[in-house]
Amino acid sequence: MDSVYLKRDKAGRINIKAGNRVNSVINWTVLSLTLLTVTAFLFFDYTGLEIGRAIMETAVNLRTMFLQPSLNHFSWGEALFQVGVTISLAVIATILGAVIAFFLALWSAVNLANKWVSKSIKIFVAFIRAVPTVLWVLIFAIAAGLGSEAAILGMLFHSIAYLVKAFSEAFEEVDKGMLEALRSTGSGWWHTIVHAVLPSTSTYLLSWTFLRFEINFSVAVAMGAAAGAGGIGFELFMASGFYFDLREVGFITYAILLVAIVLEVASTHLKKRYFSS
Amino acid sequence: MSLLQVKDLNKSYQTDTKVLKNINFSAGTGEFLSVIGPSGAGKSTLLRCINRLVQADKGEILFGGQDLLKLRKKELRAARTNIGMIFQHYNLVPRLTVIENVLHGRFGYKSTLQGVLGRFSEEEKERAFYLLEKLGIEAHAYKRCDQLSGGQQQRVGICRALIQNPKLILCDEPIASLDPHSSKVIMDHLKSISEEMGITCIVNLHQVEVAQSYSDRIIGLNNGSIVFDGSNFQLDQLYIKRVYGMETRELITV
């Protein structure tokens, strides 16, 4: 006789997976998505498409772009300056965002703050995060006009929302006993924050800030084009949309890629050197 | 006149299950008091109710003439400086140095700004080193706490409690995660604290024989009620059965 907890399938074999309903929902979803994908190809409009020529021409374009990069409309020095502008946009948005997010995160961590304050900040921040950065930039552009001000405000807004979530989760991971011990000595709230919470989470805070900086750099490139914030993104937009200069597009892409790699290497290096525990 | 008097203390986390039921006891100055009882009997809750890390529902806790349960935020902070606490898992800040952790015990005496900036007087620092030396760990003063062994960390915890200049020290299973030798070192230190410095110690313990050999008095807790309150030699087989619900020979008492 089987125990009450043992489950068998229709063929009489013993189940070892829990949650049969979840599995079947996943299976059905995958199956219907596959069917939709296949049928979609049958209904596309294929007029005027010569697949061979399309592939050939794309290959030629890509080759011009990436194998023969050159600068035609501005100099090396200017290119460097524009990259600097883009990096500055990212730096300002990240640093201001991190500072503001730190305080908001303190009040939104459930183990450190009032339950209702924490809840309302979290909901507010989730709302901000749900709207893409570009939209925030365009919203701020109404007040500040298209340009770097709107771009920074928009990026700042989204950075704060993102970092509040990351920081507050780091704070919530702090060992409860440590907070209890400090409270039992008669320490105040700020004492606990500065001398227990901060030392135990500083590495997380810094690595989240770095990550956000990398994101902000690529967002700043896009904002240069979309919001006229200047920097290398704007040059990319001009080169591709105005001059149709594929070689310059290639050059700018390489420049952005290089900066991204340098940032990545620098951040891992810094982390290894200063925050290894 | 007793230092601490607990009257009719009640506490429940959920509405229908009572963790503490009408607890009454008192502790005199310099007394070494052990609280024994099975897990879930309410030992930790009782200790945490005294310094209000846990909010009691009903009752009175008279400490040095004032009722701790009626205090407001600022008064409570001031009262907590007189009550040290030691934890099973030490609860130090692992990334800070030993000396920094010891000085955390002084925050109760500091204003917000002084504390945040970490301004400690030379006397406080000297006192911290004196205490570390007394507990035999002054050589580790500048090490990070996560590099220390359990016994050493617990001694840091004791230093942190002592630098508060407390009248009462609450110990929540101080030796539950330590090896037999470290346990003895810690218990000896606690005993000498109560005898030499006249600080009252209330210690939650799992080891009945340790409680019997160190305490002046033992309180037995079962299911939220005090079932034994008397000196260590009064705790016989019959009472142990009432505390743990079974005979001594069925228990590991050491």
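Computed from the coordinates by the stated procedures, all read-outs in this text should not be read as laboratory data. These figures come from a predicted structure and were not determined experimentally. A quick note on method: Cβ atoms are made from the backbone with ideal geometry, for glycine too, and the neighbour counts reach across all protein chains shown.
Assorted remarks:
- Convex hull volume per residue for the stretch B:1-129, taking Cα atoms only, in Å³: 153
- The label point for A:Leu138 and the one for B:His181, both projected 7 Å from the Cα toward the Cβ, are 7.2 nm apart.
- 20 °C / 1.002 mPa s Stokes-Einstein diffusion coefficient of the stretch B:91-165, Kirkwood radius on C-alpha pairs, µm²/s: 176
- Positive-end extreme of charge dipole, the protein assembly as shown - chosen from A:Val83, A:Thr94, B:Gln88 (charges on Cβ): B:Gln88
- Approximate spin-label separation A:Trp189-B:Ser2, in nm, with each point projected 7 Å along Cα-to-Cβ: 3.6
- Computed on the Cα atoms alone, the convex hull of the stretch A:74-274 gives a volume of 122 cubic angstrom per residue.
- Check: the stretch A:135-253 dipole with +1 on Lys, Arg Cβ and -1 on Asp, Glu Cβ, in debye: 160
- Placing +1 on the Cβ of every Lys and Arg and -1 on the Cβ of every Asp and Glu, with no other charges, gives the protein assembly as shown a dipole of roughly 1040 debye about its Cα centre.
- The order of the peptides B:200-213, A:259-272, B:142-155 by mean Cβ neighbours within 10 Å, most packed first, is B:200-213, B:142-155, A:259-272.
- Rough spin-label spacing in nm, given labels placed 7 Å along Cα→Cβ, for A:Ala59 and A:Trp116: 6.8
- 5 angstrom amide H check on B:Val35, placed H, neighbours 5+ away: B:Val203, B:Asn204, B:Leu205, B:Ile219
- Helix B:180-196 vs. chain B, principal-axis angle (Cα, 0 to 90°, nearest 10): 80
- Rounded to whole Å, sorted largest first: equivalent-ellipsoid semi-axes of the stretch A:1-119, Cα gyration tensor: 50, 40, 13
- If you plug the beta carbon distance of A:Leu67 and B:Val116 into 1/(1 + (r/R0)^6) with R0 = 51 Å, you get a FRET efficiency near 0.30.
- Counts of other chain beta carbons within 10 angstrom of each beta carbon in peptide B:109-120 average 3.
- The mean number of Cβ atoms from other chains found within 10 Å of a Cβ in peptide A:168-179 is 2, as a whole number.
- Backbone HN-Hα couplings from phi across the stretch A:33-48 [Karplus 6.51/-1.76/1.60, Hz, Gly and Pro as x]: 5, 4, 4, 4, 4, 5, 5, 4, 4, 6, 9, 5, 8, 9, 5, x
- Extension gain (nm, one decimal) between B:Glu250 and B:Lys125, 0.36 nm per residue minus Cα-Cα: 40.1 nm
- As an equivalent ellipsoid, the stretch A:125-215 spans semi-axes of 35, 13, 11 angstrom, where each value is the square root of five times an eigenvalue of the C-alpha gyration tensor, largest first.
- Antiparallel DSSP beta bridges within chain B, percent to nearest 5: 55
- Rel. contact order, % - alpha carbon contacts under 8 angstrom, at least six apart, chain B: 27
- With Cα atoms as the point set, the radius of gyration and Dmax of chain B evaluate to 18.2, 56 Å.
- Rg to Rh quotient for the protein assembly as shown, alpha carbon positions, Kirkwood Rh: 1.14
- When restricted to Cα atoms, the stretch A:114-175 yields an Rg and a Dmax of 13.8, 46 Å, respectively.
- J(HN,Hα) series, the stretch B:45-54, from Karplus relation 6.51 cos²θ - 1.76 cosθ + 1.60, nearest Hz, glycine and proline x: 4, 4, 4, 6, 5, 5, 9, 6, 6, 10
- Using R0 = 41 Å, the C-beta based FRET efficiency linking A:Phe242 and A:Phe43 works out to 0.70.
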